[in-house]
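Read the figures in this text as sums done on the coordinates, not as results from a lab. This is a predicted model, so every value here is computed, not measured. Virtual Cβ from ideal backbone geometry, glycine too; neighbours counted across all protein chains shown.
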Amino acid sequence: MKQQSSVIEIFCCYAREDRGLLDELKRHLSPLQRQHVIALWHDGNISAGTEWEPEIKKHLNDAKIILLLISADFIHSDYCYSTEMQHALERHKQGDAKVIPVLLRPVGGWEIVPPGDIQLGQLQALPKDAKPVTTWKNRDEAWKDMTGEVGKVANELLKKSSISQPGIHNQLAEEVAQKRAHTPAKPKFPVKKVEENFAFKFIVVISVIIALLASILTNISAIESSIRTTLFPVASVASIIPKQEALDKVEKLAPGVDISLYEDKFGKPTFINHESSFINPNEKMGKFVEYVFVDKYFYLDAVTNSEGKVLYFALTIRDKSFNPIFKNQVFQIRLGISKYSDIPGGPDFAQGCYGANWFAYYETRYFGRLGDYEDFGFGFNTAGYYPESNKMVLRGLTNSCQGRPLSNQEIKSMKDLNADETFNTYAVSDPAIKISDYADTILGVNYDQVRILNS
């Protein structure tokens, strides 16, 4: 029998600035997902190489529950307000979906938008009393209240779905009856006794084998731990993640979230720097912290503010065959394979250095949908894997590590020189943050920080 879907799809409409709160929401909805009551979807689930707008429209049309994550940035975003929200309210009006406003942050006048038949204030908003999540003393209580109500709506929709398909229950009953009819009778006692004796001996043998394997693995782990502690007494060593899992994780990286989410994915950082000569000591930007995560396949450099919010991240590949795909509404690149000529437009900023033992170069470009523009960086970094031709290209730098951005003429010269070159580092900033405010000369990790790991 063909099994029919019994999961309620939920679509989340949100502004990029609220990505951190969306991640909190996802964690609190995970019990409902693990019970197979709901399936949560947002545009962060779009896989590399997929056209983003048709994919968003498809899921917006399929969803039975649509959560509008309300904030000033949500209402300010033309795409969230004029496209996603309008379509969601039209489906609500037709009875095809339930639209639930979720108040994330305080914003005046949300109840009276949009003009038309249905305004947000006419819908039952969450959490309780439409009190924004960020204003609760205990934010977990706000999410608990919100997810409880979402669960009720989802279960009601499931009940309606099962009532509208009564034939399914009859088919299940028939299958159960057939299985019982074909179940063999229990063997008599003597046979059972023989089986039990055999099972007991089998279990004993397996237990001995497992104990021996556990002992061997424990000894190996102890030796490995000793070696790592000797080589890296201060910093934690590189985590080892299977290649495909590593690709899946890095391709979903995003700025604007709490650094704890990076730690959940990649483990403890290998280095934490509160000051770095390769990051601008820009007092106007406030205090910042640099976190460096090291893996067999990549280096991940994340810069946060004093509260732990990721301002920008830079990923540098260490392995020639490790080629994560990153995409935007304007471009799609494959790190270590794509060339500078594959990136549309021209650089807004560029900086580089060619020294005796290391080199670095990066340029930034500004892309994004209306209301969600971000700074993107593409660079060479000595710390990662790079072809020898990169060195030859960077000898064309004329500023020779003078600690200043390249002039327009130098940028033009580099654009001609590196058009056919691949880059090994990719970076993205939070909206309204410039990568160049924090990355001076080097995009990503400093070679001096990690060269011992490469030796």
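Where does each of Asp437, Asp375, Asp301 land when they are ranked from fewest to most other beta-carbon atoms within 10 angstrom? Please report the intermediate quantities before stating the final value.
Working: Asp437 18, Asp375 24, Asp301 31.
Placing the least packed residue first, the sequence is Asp437, Asp375, Asp301.
Past 26 Å, Cα to Cα: identify those pairs from Lys128/Lys249; Lys144/Lys265; Lys93/Lys137; Lys144/Lys309; Lys57/Lys98; Lys98/Lys137, in the order given. Mind dumping the intermediate values first?
Working: Lys128/Lys249 35 Å; Lys144/Lys265 24 Å; Lys93/Lys137 35 Å; Lys144/Lys309 23 Å; Lys57/Lys98 16 Å; Lys98/Lys137 29 Å.
Going by Cα-Cα distance, Lys128/Lys249; Lys93/Lys137; Lys98/Lys137 fall outside the 26 Å limit.
Could you list Ile337, Ile206 in order of exposure, starting from the residue whose Cβ has the fewest other Cβ atoms within 10 Å?
Ordered from fewest to most neighbouring Cβ atoms within 10 Å, Ile337, Ile206 come out as Ile206, Ile337.
When Ser436, Ser407, Ser71 are ordered from fewest to most other Cβ atoms inside 10 Å of their Cβ, what list results?
Ser407, Ser436, Ser71
Taking 0.36 nm per residue of separation and subtracting the Cα-Cα distance, what length does fully extending His274 through Phe331 add?
Extra length from His274 to Phe331 when fully extended: 17.2 nm.
So for region 8-163, taking the charge dipole from beta-carbon charges (+1 Lys/Arg, -1 Asp/Glu), which of Pro132, Ile112, Ser30 sits furthest toward the positive end?
Ser30
For the pair Lys26 and Val113, how long in nm is the line joining their label points, each one 7 Å along Cα→Cβ?
Each label point is offset 7 Å from its Cα along the Cβ direction, giving 2.5 nm.
Grab the beta carbon distance between Glu245 and Leu212, set R0 = 22 Å, and tell me the FRET efficiency rounded to 0.05.
E between Glu245 and Leu212, to the nearest 0.05, is 0.15.
Are there GluC sites (Glu not before Pro) in region 49-85 that DSSP marks as loop and that have at most 13 other Cβ atoms within 10 Å, and which are they?
When the GluC sites (Glu not before Pro) of region 49-85 are filtered for loop state and at most 13 Cβ neighbours within 10 Å, Glu51 remain.
Test of understanding: extend the Cα→C-beta vector of Asp258 to 7 Å, then name every residue of region 421-440 with backbone N under 19 Å from that spot.
Within reach of a label on Asp258, which here means backbone N under 19 Å from a point 7 Å along Cα→Cβ, region 421-440 contributes 430.
Which distance in nm do the two modelled labels at Val7 and Gln33 give, with both placed 7 Å along the Cα-to-Cβ direction?
1.0 nm
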